[in-house]
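The values are calculated or read from the model by the stated rules, or taken from the named source; none is laboratory data. A quick note: this is a predicted structure, and the numbers were derived from the prediction, not measured. For neighbour counting, all protein chains shown are included, and Cβ atoms are generated from backbone atoms with ideal geometry for every residue, glycine included. All accessible areas refer to the heavy atoms of the entire protein, side chains included, with ligands and DNA or RNA removed. Shrake-Rupley method; radii C 1.70, N 1.55, O 1.52, S 1.80 Å.
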Amino acid sequence: MTSPDIDTQTLAGTERATEADATGTATGTAAGTEWWRTAVIYQIYPRSFADADGDGMGDLPGITHRLPALRELGVDAIWLSPFYTSPQRDAGYDVADYCDVDPRFGTLADFDLMQGAAHDLGIRVIVDLVPNHSSSDHRWFQAALAAAPGSEERGRYVFRDGRGDNGELPPNNWESVFGGLAWTRVTEADGAPGQWYLHLFDSTQPDFDWSNPWVREQFRDVLRFWLDRGVDGFRVDVAHGMVKADGLPDYTPAVEGGSMGGGSATLEPGISVEPPEPAPYWAQEGVHDIYRDWRLLLDEYPGDRILAAEAWVDPLARVAKWVRPDEMHQAFNFAYLETPWSAPALRSVIDDSLDAFSSVGAPSTWVLSNHDVVRHASRLALTAENLQGHGIGPKTVGLPDPVVGLRRARAASMLMLSLPGSSYIYQGEELGLPEVVDLPDSARQDPTWFRTNGERYGRDGCRVPIPWEAAAPSYGFGPTTASWLPQPAEWAALARDVQEGADGSTLELYKLALRLRREHALGLGAVDWLDGFGDEVVALRNGDVTVIANAGAAPVDLPDGDVLLASGPLDGRSLPGDTTVWLRA
Ligand code: NOJ
């Protein structure tokens, strides 16, 4: 620790976690220094993180066992993708009981143990909330199917009569994000073809009708259930989709794709024309009432509990609406994730992000990978266009060179972790894991793959269970060789135990970055652009750290200053291409 500010920040984080748990009282964090404004949040994808019982599927006891490794990495919080009761048709984003743990992942007692262990280590716990849709197995949907058209039970979801003489056509032309129609027709109790229900995702994920007060009340109860158990917040799934435009009008997107449905066409960074109207199922004004209501509910609880929006919306100025002072705390910065490895594009998106989020008093977030996109150690070296959500596989055009991909990923991550605000890390990126490209078709599980008849590979390639120990079965993912997706043989060399303490390993690079980020209070800082390094370079000062990211191929001369961190080997005082350096300013 090198400055009093940093000590305050570090201690405040740990004390708050402990105090709130022990006493249940608010701790009075000074405005503007709340933990979530600067936190590094690590995404755990429970299926693929650590498997304690050896069935090939990760679980909560597995997470508990591996938490000390995350403490060593230096993260402030974990966000867990869903572990709730679910038939797993969309890897848990199809929830059949919002207030219980799926037996594949453990029990509620296992959750409590995991959360207690995390809090003891000073790590906060954020859980996923999936309010746009439930599983079709949920008892509410089963009751809706059994009930008649027009019933209270059907009114909880979006059931409509079909078009055409006999209702044989879907109510409108909307398409599922995963491909195919967004409507499925049901068979009524008398055996006749009946109404249609809306599902923006898989047919096993019926959308709720959020104009129904009953739905709103149920989700207040779900929030309270997890807040009462002590969670530090929620990542809100499809936070841009819960409210649909009146009348459900037809809509044809201008641009295909957008992983979780960006909806409107993506604007070039920096172009300030009026953004196109969002699709009638994304970014409707009505969603904001829901978040204002939830914010009031969270504010009843002690400690800083947060709401983080998964809102695939553009441009950033529109995303900022999700984090107005009386709504959510954070929104994922997907514009940043979607930015190519290009210095002008990066400078532009960083400026736009800081402007947009600060205009509403929120921190910017930064993210490069998650369970829905091609891992950035592969994505940043793709040589042909590849729409988010389509994934990559053996037949993809423009497959990446893995060496270039890893070099760029390390450089991109070191730029991201130098920025003020809060950063998200997706499990395995600290090991430099690439996307798995050659999964056998028979192993694939993403509904996208099935709904497009294999035209889109989907997201399985970024979800492969991660390697912990090179010499162990399933590389230490679990005690057996079982793994729900096959792990590539090359991953032995990337296992955590191989990288632990190894000079120049990606793991050690991330650990150093997180330590320096904390010591230099980079999360609370600001970006001052530095000129004179050429068009292919992103150069900035944040507090007492100078950051230079060379996104081009030509080497760049470094200015004076001790090297604090380098994402790859330096050539004396020359910074090679695809490399980022942090210098003491
Ligand atoms: C976004 C989640 O991140 C993704 O994995 C899921 O398929 C969709 N929402 C639907 O819940």
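Values as computed for the structure displayed
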{"quantity": "Test result for Ala109, away from the ligand (no atom under 15 Å from the Cβ), surrounded by fewer than 18 Cβ atoms within 10 Å (Cβ to Cβ) and among the aliphatic types (A, V, I, L, M)", "calculated": "yes"}
{"quantity": "Subset of region 540-555 that is surrounded by 22 or more Cβ atoms within 10 Å (Cβ to Cβ) and without any contact (Cβ under 8 Å) to a residue 40 or more places away in the chain - its residue that is farthest from Ala345 (Cα to Cα)", "calculated": "Thr546"}
{"quantity": "Long-range neighbours under 8 Å by Cβ, at least six apart or interchain, first residue over 21 Å from Val243 (Cβ atoms) within region 123-136, second near the ligand (Cβ under 10 Å from one of its atoms) and not in a loop (DSSP other than H, G, I, E, B)", "calculated": "Ile126/Arg235; Val127/Arg235"}
{"quantity": "Residue match in region 191-204 (condition: away from the ligand (no atom under 14 Å from the Cβ), open to solvent by 10 Å² or more (accessible area, probe 1.4 Å) and of a type in the set (Asp, Glu))", "calculated": "no"}
{"quantity": "Residue count, region 460-473 (criterion: open to solvent by less than 10 Å² (accessible area, probe 1.4 Å) and not acidic (Asp, Glu))", "calculated": "7"}
{"quantity": "Residue ID - surrounded by the fewest Cβ atoms within 10 Å (Cβ to Cβ), chosen from residues in region 307-323 that are of a type in the set (A, V, I, L, M) and more than 15 Å from the ligand (Cβ to nearest atom)", "calculated": "Ala317"}
{"quantity": "Flag if Gly92 is more than 16 Å from the ligand (Cβ to nearest atom), in a loop (DSSP other than H, G, I, E, B) and within 25 Å of Trp226 (Cα to Cα)", "calculated": "no"}
{"quantity": "All positions within region 152-190 that are among the polar types (S, T, N, Q) and either outside any loop (DSSP other than H, G, I, E, B) or open to solvent by less than 30 Å² (accessible area, probe 1.4 Å) (or both)", "calculated": "Asn172, Ser176, Thr184, Thr187"}
{"quantity": "Residue check for Asp221: loosely packed, with under 14 Cβ neighbours inside 10 Å, within 22 Å of Asp299 (Cα to Cα) and more than 16 Å from the ligand (Cβ to nearest atom)", "calculated": "yes"}
{"quantity": "Residue among Ser442, Ser378, Ser359 that alone is open to solvent by 10 Å² or more (accessible area, probe 1.4 Å) and in contact (Cβ under 8 Å) with a residue 12 or more places away in the chain", "calculated": "Ser359"}
{"quantity": "Hey, Met260 within 15 Å of the ligand (Cβ to nearest atom), modelled with pLDDT of 95 or more and closer than 27 Å to Thr339 by Cα or not", "calculated": "no"}
